[in-house]
């Protein structure tokens, strides 16, 4: 479908039958609106098995004529809303699909001025006894309310109804009929609230083009729509496909909350406290915390650093020092900061740097066998030490001094052991016995953002990244312009990586990762380089290929990663903060 942008919306144009999958999420569910009026997926937050809709479609006729699949249509997508407008011979018919922030249910508004609308709601996953002449169908696993009374036909798994001008629907995979009916009675308020939520988000002045405005809103709502509640668990899922088991990641959440620190600090605070409950007694941080507060893939190198950084960033914006004294069991949040850093320090050697063992993949690049001193890990460790020294400055002078001295030791070691003067950038990693993976990995950009690199080295790193990682400049990679690669050249040997990353230009081996592209663009903005092109080339590639919510990763030669991927919200952070000094300083 042809794609354009207007007033913050993504607008796709094509034929009625063409799909335009658009992910929508709230605290309770994640769904995919298919751009044809139906749903192609429905996931319930925190359920042991996500419910997937095999097919939920709307079969429509206006003024007695079925809608031809070849009719022209416009699909508008923004926030938690997708609107389809089909041009019929009798007039325009629109179908708006939307979610509120907390209802387990999908709202549909079907409208056409002076049109007689005949509707069939088909759902093959619905389980229901036959009930006729009703405005609320209750099945074994679903609820369906309609503003127009109709008939559920069990043999067809279909609800049939007719009305003049307008039909309102609410579909839920739920057994809570009281909550469902209450939500449906508030249909108009819900519709207004969703529209108001969209209007409430201020687009930064830096986002001047229509594509930039749409990109900003898309990224911002990617963060908001991944916020989940399940009992005491209140945190951001990593994406719409990360709810079985429901879990929140230390590193993913760090980038997810960046554009929300000022607008929704309450959600960020909840995230931090949820992460705090996942830290082990010995200070080990897993990759993620599940909704029952048990670990998901334990003991990562980068997780503790992101925990410290997220706390510090939150305090920087809110001045909410009371967070540090919040108790998780018998330990305060500040106690946990010391605990995770104590554990990391035990994993250092005489250089002061962290040491990864063979086939220890416990950082974001978890399909790459990075060994020894990994620049990305060391840069995060340096920043965690710097931030910890600030947190303890007025509370524990001995720890303030310790973390300050340790941070400086780490910074010097990174520059001595990992910067390649000839290549002009920090190598990916160096083993303790001197073997080197000397490709340029985009995650080394944190040396620039966190002050590991001085101004001269930072500029050299950015120049090298612009030349090697931006696909518009690097024609050797052969894939055309798809934004910014995560690494170039690809890893040398098969034993360097596994699974998807074993393939060149796939996953961690050269695909474009939106959150890292965002961090790279932000680093360029600090040095008055062209930072918008990496963002916009990434966004145009996604949307032109039918990915209307920010995805996890992609390249021309691999399947796209997960849609509505939470940490891709970092794209919005760049539009907000570019030109305003280094937020990470």
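Nothing in this text is a laboratory measurement; each read-out follows from the coordinates by a stated rule. These numbers come from a predicted model, not from an experiment. Don't worry about glycine lacking a Cβ; one is built from the backbone with ideal geometry, like all the others, and counts go over all protein chains shown.
Numbers at a glance
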| item | result |
| --- | --- |
| Length gained when the stretch residue 345-residue 560 is fully extended (0.36 nm per residue, less Cα-Cα span) | 73.7 nm |
| Estimated distance in nm for a label pair at residue 193 and residue 4, the labels positioned 7 Å out from Cα along Cα-to-Cβ | 3.4 nm |
| Mean-position separation - Cα centroids, region 333-373 and region 273-314, in angstrom | 13 Å |
| (i) 1.02; (ii) 1.10; (iii) 1.46, with the label sought being that of the calculated Cα Rg over 2.2 N^0.38 Å | (i) |
| Mean separation of Cα contacts under 8 Å, 6 or more apart, over the residue count of the chain: relative contact order % | 12 percent |
| Cα centroid of region 198-232 to Cα centroid of region 571-585, whole Å | 15 Å |
| Burial order of peptide ranges 525-533, 6-14 (average beta-carbon count within 10 Å, highest first) | 6-14, 525-533 |
| Sorted by Cβ density within 10 Å, fewest first, the residues 185, 571, 56 | 185, 56, 571 |
| Rg ratio (alpha-carbon, reference 2.2 N^0.38 Å) - region 2-177 | 0.99 |
| Principal semi-axes in Å for region 141-249 [√(5λ), Cα gyration tensor, largest first] | 32, 22, 13 |
| The chain: angle of helix 455-468 to the longest principal axis, Cα-based, in degrees nearest 10 | 50 degrees |
| Ellipticity estimate at 222 nm from DSSP helix runs (n ≥ 4, -39,500 (n - 2.57)) divided over the chain, nearest 500 | -9500 deg cm²/dmol |
| Highest average packing first - 307-314, 380-387, Cβ atoms within 10 Å | 380-387, 307-314 |
| Shape category assigned to region 294-337 from the gyration tensor of Cα positions, a/c cut at 1.5 | oblate |
| Mean Cβ neighbour count within 10 Å, used as a protection proxy, ranking 295-303, 499-507, 68-76 highest first | 295-303, 499-507, 68-76 |
| Pairwise label distance in nanometres, residue 141 with residue 155, each label 7 Å out on the Cα-Cβ vector | 2.3 nm |
| Modelled FRET efficiency - R0 22 Å, residue 467 with residue 580, Cβ distances, 0.05 increments | 0.25 |
| Spatial separation of Cα centroids for region 403-434 and region 165-181, in angstrom | 58 Å |
